[in-house]
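Chemist: So that we are looking at the same thing, I have put the structure below in structure tokens.
Since every read-out is calculated from the coordinates, none of them should be taken as a lab result. In this text the structure is predicted, and so the values were computed from the model without any measurement.
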Amino acid sequence: MSNPLEALARRVEDNPFFLASVLARYAQAERLDDTGLAKTLGCTPETLTALRLCRTPRTEAPGFGEDVDCIAARFNLDGDRLAEVVRHGQALEHMAGPSASRGTLLAARDAQEDQASEPPEEGP
């Protein structure tokens, strides 16, 4: 990772302002490395680095389509495929919520539900 832009793209993967965050969620869910993600998007790994530094498309129509079309045109990508990947990544980010503690809360709730479903212990 000798390229400074590549290092910057990696640093912003947790910042939802940048497309890097959405692409990272998508790649993680699909178990893709950089080569696989680039192949999915139809670009080179070098283009993927620049793509990650773009602003994430707006979520609402018609802004989403306009933003995706602009990015796709700039990097010579298939706009429909890019839109699919971005929407998938955005959905994953939305489900994850604003903090990583969400998973802990769900696990705690699951444990409470497990305890409630067990029959009560009989006394002595």
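Chemist: Can you give the Rg to Rh ratio of region 40-85, both from alpha-carbon atoms, with Rh computed by the Kirkwood formula? Walk me through the numbers on the way to the answer.
Modeler: Details: Rg = 10.0 Å, Rh = 10.6 Å.
Result for region 40-85 is an Rg/Rh of 0.94.
Chemist: Which far-off residues, 5 or more places away or on another chain, put their amide H under 5 Å from the one on PHE18, with H placed in the peptide plane?
Modeler: HN-HN under 5 Å from PHE18: THR56.
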